[in-house]
Structures are given as C-alpha cells and as structure tokens.
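First comes the structure, then the notes that go with it.
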Amino acid sequence: MKNKFLTTGLMAAILCMGLSIPAQAAVDQEVAFILNSFLFLVGGFLVMWMAAGFCMLEAGLVRTKNVATMCLKNIGIYAFAGILYFIVGYNLMYSGVDGGFMGSFSLWSASETAANEVINMETGYSSASDWFFQMVFVATAASIVSGTVAERIKLFPFFAFVIVLTGFIYPIQGSWTWGGGWLKELGFSDFAGSTIVHSVGGWAALMGAIILGARKGKYSPTGQVRPIPGSSLTLATLGTFILWLGWFGFNGASQLALGSAIDAVAVSQIFANTNMAAAGGVVMVLLLTKFLYKKVDLTMVLNGALAGLVSITAEPLTPTIGQAILIGAAGGALVVFVVPLLDKFQIDDVVGAIPVHLCCGIWGTLAVPLTNEGTSFMTQLTGILAIGAFVSALSVIIWLALKYTVGIRVSEEEEAKGGDLSELGMEAYPEFGYGSQKL
Amino acid sequence: MKNKFLTTGLMAAILCMGLSIPAQAAVDQEVAFILNSFLFLVGGFLVMWMAAGFCMLEAGLVRTKNVATMCLKNIGIYAFAGILYFIVGYNLMYSGVDGGFMGSFSLWSASETAANEVINMETGYSSASDWFFQMVFVATAASIVSGTVAERIKLFPFFAFVIVLTGFIYPIQGSWTWGGGWLKELGFSDFAGSTIVHSVGGWAALMGAIILGARKGKYSPTGQVRPIPGSSLTLATLGTFILWLGWFGFNGASQLALGSAIDAVAVSQIFANTNMAAAGGVVMVLLLTKFLYKKVDLTMVLNGALAGLVSITAEPLTPTIGQAILIGAAGGALVVFVVPLLDKFQIDDVVGAIPVHLCCGIWGTLAVPLTNEGTSFMTQLTGILAIGAFVSALSVIIWLALKYTVGIRVSEEEEAKGGDLSELGMEAYPEFGYGSQKL
Amino acid sequence: MKNKFLTTGLMAAILCMGLSIPAQAAVDQEVAFILNSFLFLVGGFLVMWMAAGFCMLEAGLVRTKNVATMCLKNIGIYAFAGILYFIVGYNLMYSGVDGGFMGSFSLWSASETAANEVINMETGYSSASDWFFQMVFVATAASIVSGTVAERIKLFPFFAFVIVLTGFIYPIQGSWTWGGGWLKELGFSDFAGSTIVHSVGGWAALMGAIILGARKGKYSPTGQVRPIPGSSLTLATLGTFILWLGWFGFNGASQLALGSAIDAVAVSQIFANTNMAAAGGVVMVLLLTKFLYKKVDLTMVLNGALAGLVSITAEPLTPTIGQAILIGAAGGALVVFVVPLLDKFQIDDVVGAIPVHLCCGIWGTLAVPLTNEGTSFMTQLTGILAIGAFVSALSVIIWLALKYTVGIRVSEEEEAKGGDLSELGMEAYPEFGYGSQKL
C-alpha cells in the first residue's frame, strides 16, 4: 500500500483506540509528520546505497575486461533513473491513477516547500521524502537488468532501454498496485516489490538475454557449458553485503510510516524478518551446494542471500521469524536449481539475476497468502502474470526495436577485447593481470 | 545495562524532574517508544554493516589463495549467528536470568506484533527492534574468531564452532551481565561489550590459534618469524572504515534509549568519544611505528583504530573527549607491543585479532573505573576473569572435541593450495597474479 | 546558517503560526531536542563515511605503488582532523566570534553531559551532537588535498600541513560565516560548504600542487601530457558511491534541525536536490565525453557526480529539482573543460580534486542567487575571494615553510619506487602485478 498512507494512518489510529494503546497517547500530528518523513529519508539513503551494491556485485562477476564498463553502467543507471522518474515516472505511477492503468504524463514537483511554508500536514509526510524514497526503487529495477546482459551489450542502446524502463515500463505497472490502480482494487499484495520491482527487472533482463544471445564461448556448439568466473569475489561479496544492508531500507521503510507505536513495531518486525530470510538463503545454499557438488560455491551463496531477500520482499511483515527463515531458504534452493536450468536453455545470465530476482520474486509473491490472510493465491498469480506479460511484451518490443535500428550487440572483435577498451578506451586495473599485458 | 530499560527510563525521568528539564516536558510515551525502537534499528543496521567490515578486513589480510574462503566464512557466520540467536541464544541470554547463570532454552518470539495490535508500550521499545540489535552483536563476537584462525582451519568444523559460540557460549556469559545475572548484581560494568563481546571473541580465537598451531612457514624451526603480508591493503582499509562507522551503532545504540533529552545527550557523547578513541589509536600507532621501526606500518595503524574502538567500548559515556583519546591511544600502544609478543610464543594470529579484541577488550574494561565512579577495579577484574575462564574452558573443549573427531586443520597439501581451490574449487581473482598461474 | 539555530527555530515557529500549521501543533521542546540531535548524529555518521569514500577514490586513482600510502594518509587525516578540531578548531570557529574574524583558542568541551544531568534544552540540540557533525566536515576539507598532491609528497610534512589546515586555517575562515563572523554579517550564504569546505580544500590543494611540481613523467619536456591511469577503477567507483551517500548527511543535516514539519520538508528537499544535482553531473559528463572524445571516460563521469554534488552544496534547499539537475550538470561540464586546462599549466592534480572541489565550489557559491532571493552575486563573490585569498596565502606560507625546512617532496628514487615501499616498507597488493615483481 505504497500510496495509501492516510488509510493506513486511519487504520492505525482506530487500532490504537480499540486496543491496548490508550487514545490519548496518539502521537502529535507534526511529530508523526517528521518521523514519517525521516523514515523515508533513512530508508531512501539505504536503498540508494544498493546502487553501489549492484555495481560492486556486477563488477565482481564480470571479467576484468568489462569491469569499468560495468561501473559506468551502474552509476549511469542510477543517474538516468532519477532524472526519468522526475520527468515522467512519478506522476505516471502516482498521479490520478484511481483504479486505472496509469497516471498522468507530467513533471513531478513538490506539493509543499520549506521556502514558502506551505505545509499540508494531513498527507502525513513531506512529499519530497516520498519522492526520494520511490525514486531509489526505480534504479533497483534497472540495476537488475545490467548484470544479466553484461559483457556483450552496447553501452548507449543499453542506456536507451534503461530510459524506457525507468520512465515508462516500471511506473506504469507500478501504478496498478502502489499507485492505486486495478491490481490494487483486485487485492494484489506486494509489500515492497518482489514482483513490482524485482520481477520487473527480471523479466526485462530475461528478454534481453534471449534477444542478445549468450556471450561468445559460454556454450560450446555441442551444448557444453563453459563457466566464466568473475574477476573479483571480494567485490561480489562486498556488493552482497551492501545490498543486504540496503534492504533494511527497501523493506523497512516500505511500511511508509513511523508515526505510531504500531508502525515502529511493524518496521522492527520487517527488519528482523528481512535479515533472517537472507540468513535462511545463505545457509540453505551453503549446505545444498556442499551436498550436491562437494564444494561450497561462494557465488551461489551470495546469490542465496539475495534470493532470501527478494523472497521476503513481497511480505516481510506478517511472517514469524521462523517462517521468514523458511521463505528465504526456499528462495535459496530455487536459485541452486534454476541456475543450471537457464544454462540448459543457453540463456546466458552473467550474474544470476534471473534466478534471484525473477524466480524468487515470483516465489515471494506467491508465498504471501501463506502468512497474510487478507490475500489469495489466485489474485497473487493474476498480478504476477499481468505484470510479467506487460513487462515482457514491452521489453521485447524495445529490445527488438533497438536491435534492428542501432544494434544492441557489440562486434565479435569488441566482445573479445572487452567493453573497457572498446567502449571506454581504458582498463579497470591497468597495472595488473590482463591489464598489464597491454592488449 | 542492556536489559534494564525501565530502570534507566525511571532514573531519567527522576533526573529530568529534579533538574533543568521541567517535569511537563517529559516526552509522550508513544513518541519515546518510537524513538527508542528507531535507535535500535539504526544502531542495528550499522552493527550489521560491521559484518561486511570484518569480511573486508580479513579478506584483505589473508593471502589471495584464501580470500574467497574468508568471504564465505564471514557471510556464513553472520547467517548462522542470527539463526542460532533466534533458536536458542536470545532467551538463554535474556529470559528469566534473575541474578543467575543463564536464561531459558527456547525459541525467541516477539512479545507484540503489528498485525494483532498487541502493543505494550511500557517496555519502552518494540521487542523485535531489541532482538535485532542484540542479534547483530552475536555475529561480531564470531567474526573476531575467523580472522585469527584463517588460512588453515577446515570450513565446516569452523562453522560448527561458530554455532556453539553464538548459540551457547556467548549468550550464557552475556546473561551474567546484560541479562541481569550474577555479574550484574556484583556491579560489573561493560557498557557495549569490551569484555562481553570483544574479549569473548578474543579468548575463543586465542584457544583456537593455540590448538590449531601456526600456518606452515610462519615460524622457522629456529623461531624466526616470517611475515606473511595480506593480499589487499585497500580491502583491509575499507574494512577498518566500515568497522569504525558501524561502531557508532555498536556503542551509540547501546544507550538503549533515545526517548528523552538525557538519552539524546548520552548518545551524542558516545558518538564523539567513540570516534576520538579510534583517532587516538590511529595517531598513537602512526607515531609509535615510525619511531620504533622507522617506517609507518599501515596494517598496524588500521589495528590501532580498532584498538581504540575496542578500548572505549566498555565505557564510552563517562569519559571526556580528552580521556577518550587517551584510552584509545593506550589501546593502540598495547597492540604495537602485543603483536610481537604473540609471535614470540609462536601464536599465529593472521589478522591481529587477539591484541585488538582480547587485550584492548581487557584494557577497556579495566579502564572503566577511571572515569565511572560507580564501578570498582576489583569487580571489573572479577568479570574479566570469570568470563575469560568460562569462554576459554568451553572453547578448548569444543576445539579439542572437533579436532579429535572431524579434525579442524586442513592437510598440508590443501594449506599450500589454499582454501579457495581446496574447499570451494574457485579463485577470488581468477585472472590475476596467483590466479592467472592456474594452479 | 550553521550556528544560528535559535533564530531558525524562531523563524520556523513564526512561520508555523502564521500559516497552514496550527500554532498548537508546535513540537514539544524535548522531542525537538532529540530529533535535532539525532539528525546531527545520522548526518554525522554519513559524513564520517565520506572519509572512506575519499580513501577509496584516491586509492583507486593512484598507481599501485602508492596505494597503501594513500590509505594511510586518509585514515590519518580523519584522525588528526578530529583531534585538532577538539584541541583548538571548534572554539576557534564557533566560540565568541560575534561579527569578527575568529573565535577563541581553547579546548572544546560539552556544555551539558548526561552524567551530571545539566541539559539546557533551549539550545535545541545536544552540544556533542553538534560538535560531532562539525568535526566530520573538517576532515572532508583535508581529504581533498591528499588526492591532488599524491604520489610525490612526503608523508609527515603532509600530516603537518593537515594539522595546520584542520586546526587553524579551516576553523578561522569557517568562523567568518558559520561562526557568525563578518561574512555572515555581510550576507554571504554557503549552506553546507561549497566554498567553506570544498573550495578551502581546493585552494590548499592547488597551492600544494604548484609548489610541489608535477609527478616525474607526467609532462614531457615538450609539454606533452602523459596520462597516468589509476590502479583500480572499481575502488574509484566505490569511493564515488560512498561520497554520494555521505553527501545526504553533508547537505541534509546542514539544515541543522529536524524538530518541526518545516525542517522535515527542508531536509527532504535537500536530499532530493542533492541526489539530482549528482545525477545531472553524471549524465552531462557521460554525454559530453562521448561527444568530444568518442569514448566515455569513467573517471571523468565519477568526477561528474562529485562535481554535481559540490555545485549544489552552497544552496541545496531553494532550487527546484529541475534547477538542481541543471546546476549539477553545469558543474559536470566545468570539470570536463577545466581538467585539460590544468594540464596546460602543468599543474598535476592526481585525482582531479581542483576542478571538482575548487571550480565547482566557486560555481555553486555563485549560483546561489539564481534560486535564493536573499543573496546577492557581489556578496557571494566577496566571500569566495576573501576565503580564497586567505586560504591560498596561508597555504603558500605553510607549504613553503615545510619545503625549506623538512622538505615536502620525496627523492626521485623514492618517487620511482613509490611511497608504499619507501615510506611504509610494504605493498598494497604483494601477490599481484607490480607487487609480484618484488621490486
């Protein structure tokens, strides 16, 4: 219920009065306004930090020759996403949706400003804090795509896709639920975005991977899979820890309020559950890869943490801690089994973003009714399918349009040379290994 | 006083009334509940981030061939610690201790939930926020061990030790003070855990290092010390900065309350003192190593920062800033002198965790009476010895039990090859240096 | 208005009463005290984190042989800056300035402490929280210098300069505006320090670079520029993301209050504007380098983000989001054009700190009147020139005094060998590339 603050506030107020919280304890309206806004800001800077997490994770999982390009893409994504969300995305997602299919095409502007002292405290929070928090989510969806299609996509066509994704595809489907559109009216529930953020990135990535084709040498003509290890597992681990940290903001601040004791309790439960789902994912993958392959696979364990996080994102509030661990662990197991499946279809997902964000995004959304009585499996499935179909269809159109106009894939020679030398004319580590051979 | 919130609150209230804060200024109970919970959450995510700090520090201080293993251990520790603390640790530490030696064996569950609106505001904070904050401390204790015993311990026996440490050893000794047990009644004071967290990790690490023995080649048969430099000083530096940042949560939120002006003042003083103790440690080691060895030793300086942080952790509130600088500087000096001492006894501590966490943990705890009048040197010593004896004895038993059953040390061949290839079958930097030689 | 809390609070109160906020909604004094202090602490730890950002950025942009030295300098700067600001800086900047040119020479001590319960709530915040927040700003100014003069400056003379800069130069000029001195009375406006922090570091760096001279081999005798690529673009990117994150604290908490709805709105606007100025810088440099050089330059793009951030720092509150994007984009363009200009004058700025912090600091300060009606272009120029002249003059004196006594530049042999081996006797990456050749 990302846009339904007043209703939530009202519900909370009613709950407070009817139960163990005495009516007179209700928090002063202005204090609640400050606390709600501050939650958005703290949660927002944590989610902003996830941009660095994706960057480090992806830079660590590509080969040295594409590391600088990966860094450039990630900082570029975060910048473009913010600008597009300002120019068109926010209002397309939140302005005048009213049970429909999209909002309005217009620039966003703050509904109040400190300078002219027009503060409407009944909204419950500063509009700029809300905008900031929603904006950082958009970048997350786009960051997911960059990992999957790495090492062979052209730089500027990639940014073109990001612009359409963050300016139009993401906000339109987001309006259906968080903007108060038709899926919201149907009862679809996705607390912080297992489907609305993660699977959206996942579908766009999957379509991109199929249309782009695999990296040269990833699959032999006879269908053998050649593993292409990433350049730095320390960066990949750092990226995972950054994402784990950022997720407290992603899920915790999606409570959208901290102006009552009930909200404080809710945000606390979400923090605990989010953490433990990730822990469940880690332990599951650790044991599973040891059992299946005799060696523990660190990359897979890192994806296990992320799998747990994505899985709990659709409903981090209602599960008990034990349930959160199980939901995360199931997400981890899913990753272990989906990664080889993708290879079977020769879908080359460089960082494992499709199993993590798409598959666990779906799993997490389907798992909501297990702990949240107010939801139904069929409605959840409807939401997953509707959003999946919409995002996939539009992504295919954009990827193909780019492919047949400017082209999306670098030449074979450029791919062999790597993006860093061919697109940027520089090396990530000019004095080391690959770099020091001065190609 | 980690479990004495109500008493503290009452004291604060009395103080407020009697002094310059007018009685009618007392903060609304619900607002205090929100602020207290939020402090736990913000402090908690900062301490969670320390898991990444330990990971980067330790990955930077081992050789390339053990870097991925180090990363795996650290993310695994954080996951196992949370799960164990949920299954048994929290209640063993906090449930029904009452002056005794341990709490009860039971799963933790939240005493209130947002869903069923049972909020008891008299506790002063959301129970899940408290659990989250206590949980992240457990992981810290275990992270300390992994650095010391690195590069020669077997992966799964190490995790087995972590499980016992985080599920049983840590919570039982923690109950003695923070759970309201016998040491608390005696008057032992350890604000944020110089002894209860850091020395606990330190003792467990020391016993492990002795039982495991040194890495092959660290000491020549004639007792010469061969320095084994770590693979990446940038990662070690990054890890130190992360730990420094996280420590604001570690010490600051250990005030356990932000619901009154006095609490806000206290948390602020703790922030300033924590920072300046670390600064004192840095400057002391910088000057000392320059003076003693003619060259400044960066690794030692990094440990100087951590030494300052550990030293101030037992009492970050009562010192003035000048005193905090001196307490931290003394901790830094301690590290410079203890590191060669350990080498004399051929105790191979890969990252210097024993000087930093054990020695400075003891120093910091003994330094409490210097600035806190309510404590005594003899009681502090009693606490240090009791906890040291308990943790060391149990650690020895567990390490030996593991040694004589599954074994704790890798084979000589595996040690030479490194954990990354022998336990994980992968390399941290497959395109570089060591990695590119394709062992 | 860093030292004018009461005035601001009063203004806010008056605004509240006169407008849409009902008078009775005024936040309880103690709650406001807590929230104001907490804003300083959260903002403060974010700015502290910028020390890690500068460290990673600069370590990534120097050659491998100077990486450990860079790390040492950055952790040392942060430690020295805090100690000096405690010993003399804070009171020199804030104590008894009263329209004059500097405060008093004295140790700082907290005006209230939790232990003796002397809380004066009329100040509006805990004095230690304010000290902590101001202290972290000092380190930023010094960090800027270290990047420019890297790879050829002697370690201890560098620290000597840092001590004078953080203990005297920075606080004295800071007192002119934020301490309530003559520039403040003149109407000079620099919200979070485009001039007072960033250009101060920039001027000191520029004088240092000129007096030190360029690195050996940077410019050929015929004036050709030889690019010297940095050792790790991933570290440089990580550093940029850290700085971006920290800037939310730098600018956001410079509102200095969170105790009213208007403050919450202001902090939220500042977060949004800060982010979007950086985004504007990124996109501008991305497109400009592609257009001018056919290849996108990642290092330049990273500096574009920082350029945007520095540019918005003088006035992050009054611009609309669209204006913030443009201000940041102009800063980005400035960097693209100033970098080659510096090379023309053979001023060797290793990390590009002069274009980013000095030029964009000036640009941002001059841009204030574009959106803030209460300021004038001439007053802004006066402040820029006065501070520039003062800092430059004193910096020249200190740099020259150091040069002609202890010397500031390493020998040619040491420069070739690198700081890591010559000053620290260690290597950042002993098993890799340069390191593995065992010079």
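For region B:250-341, the per residue solvent-accessible surface stands at 22 Å², with DNA, RNA and ligands left out and a 1.4 Å probe. With the whole protein complex present, B:R409 retains an accessible surface near 70 Å², based on a 1.4 Å probe.
Relative to the longest principal axis of the Cα atoms of chain B, helix B:67-84 runs at roughly 30 degrees.
For region C:290-295, 3J(HN,Hα) computed residue by residue from phi via the Karplus equation (6.51, -1.76, 1.60; θ = phi - 60°) reads 4, 6, 7, 10, 6, 10 Hz, glycine and proline entered as x. Annotation: amide H-H contacts under 5 Å for B:R409 (H modelled 1.01 Å from N, sequence separation of 5 or more, or interchain): B:K154.
Surface composition of the protein assembly as shown: carbon and sulfur make up 66 percent of the accessible area, probe 1.4 Å.
Give the accessible surface of region C:383-431 per residue, rounded to a whole number of Å², with probe radius 1.4 Å and ligands, DNA and RNA excluded. Mind showing how you got there, number by number?
Numbers: 2100 Å² over 49 residues.
Ligands and nucleic acids excluded, the result is 43 Å² per residue.
The distance separating the Cα centre of region C:49-93 from that of region C:369-420 comes to 16 Å. The aspartates and glutamates whose alpha-carbon is closer than 19 Å to the alpha-carbon of A:K154, local same-chain residues fewer than 8 away aside, are A:E58, A:D348, A:D349, A:E412, A:E413, A:E414, A:E415, A:D420, A:E423, A:E427, C:D297.
Could you tell me whether region C:319-376 comes out rounded, prolate or oblate from its Cα gyration tensor? Rule is a ≥ b ≥ c as square roots of the eigenvalues, rounded for a/c under 1.5, then prolate if a/b exceeds b/c, otherwise oblate. It comes out prolate by the Cα gyration axes. Dividing the radius of gyration of the alpha carbons in region C:266-350 by their Kirkwood radius gives 1.04 for Rg/Rh. Remark: relative contact order (region A:167-264) = 19 percent; criterion is Cα-Cα distance under 8 angstrom and separation of 6 or more residues. Taken about its Cα centre, the protein assembly as shown carries a charge dipole of roughly 3940 debye when the Cβ of each Lys and Arg holds +1 and the Cβ of each Asp and Glu holds -1. Over the Cα atoms of region C:143-219, the radius of gyration divided by the Kirkwood radius equals 1.07; this is the Rg/Rh ratio. Distances between every pair of Cα atoms in region B:366-420, grouped in 10 Å steps from 0 to the bin holding the largest one, split as 20, 24, 21, 17, 15, 2 percent. Measuring nothing but how far apart in sequence close Cα pairs (under 8 Å, 6+ apart) lie, relative to its length, region C:269-379 scores a relative contact order of 32 percent. Over chain C, Cα pairs under 8 Å with separation of 6+ residues give a relative contact order of 24 percent. Averaging Cα coordinates gives a centre for region C:207-271 and one for region B:322-363; these two points are 34 Å apart. The Cα-based radius of gyration and maximum Cα-Cα distance (Dmax) for the protein assembly as shown are 28.4, 84 Å.
Accessible area ranking (1.4 Å probe, heavy atoms, ligands and nucleic acids excluded), largest first, for B:T113, A:T237: B:T113, A:T237. Helix B:29-61 sits at what angle to the longest principal axis of chain B, using alpha carbons and giving 0 to 90 degrees rounded to 10? Helix B:29-61 sits roughly 10 degrees off the main axis of chain B. Mean partner shielding of peptide B:41-52, defined as the number of other chain Cβ atoms within 10 Å of each residue Cβ, is 5.
The heavy atoms of A:M426 offer some 30 square angstrom of accessible surface to a 1.4 angstrom probe.
Under the classification rounded if a/c is under 1.5, otherwise prolate if a/b is larger than b/c and oblate if not, where does region A:272-418 fall, given a ≥ b ≥ c as square roots of the Cα gyration tensor eigenvalues? Verdict is oblate for region A:272-418. Run through all the Cα pairs of chain C and give the fraction in each 10 Å bin from 0, expressed as whole percent. Each 10 Å bin holds this share of Cα pairs: 5, 22, 32, 24, 12, 4, 1, 0.
Whole-Hz Karplus values for region B:363-373 come out as 4, x, 6, 5, 7, 4, x, 4, 10, 10, 5 Hz, taken residue by residue from phi with 6.51 cos²θ - 1.76 cosθ + 1.60 and θ = phi - 60°; glycine and proline positions read x. Pairs spanning more than 18 Å between alpha-carbon atoms, out of A:K65/A:K216; A:K218/B:K65; C:K216/C:K344: A:K218/B:K65. Rg over Rh for region C:213-334 works out to 1.10, both radii taken from alpha-carbon positions and Rh defined as the Kirkwood radius.
Here, P(r) means the percent of Cα pairs in each 5 Å bin from 0 to the largest distance; for region C:38-179 it is 2, 10, 18, 19, 19, 14, 9, 5, 3, 1, 0. Relative to the longest principal axis of the C-alpha atoms of chain A, give the angle of the C-alpha long axis of helix A:155-164, reported between 0 and 90° and rounded to the nearest 10°. Long axis of A:155-164 versus the principal axis of chain A: about 20 degrees.
In Å² (nearest 100), what accessible area is buried between A and C, both sides summed, heavy protein atoms only, 1.4 Å probe?
5300
Interface residues of region C:57-103, defined as those losing at least 30 Å² of solvent-accessible heavy-atom surface relative to the isolated chain (probe radius 1.4 Å), are listed as C:T64, C:C71, C:L72, C:I75, C:Y78, C:A79, C:F80, C:I83, C:F86.
The values are calculated or read from the model by the stated rules, or taken from the named source; none is laboratory data. Please read these numbers as outputs of a predicted model, since none were measured by experiment. Positions of Cβ are generated from backbone atoms using ideal geometry, with glycine treated the same way; all protein chains shown enter the neighbour counts. Side chains included, ligands, DNA and RNA excluded: accessible areas come from the protein's heavy atoms. Shrake-Rupley method; radii C 1.70, N 1.55, O 1.52, S 1.80 Å.
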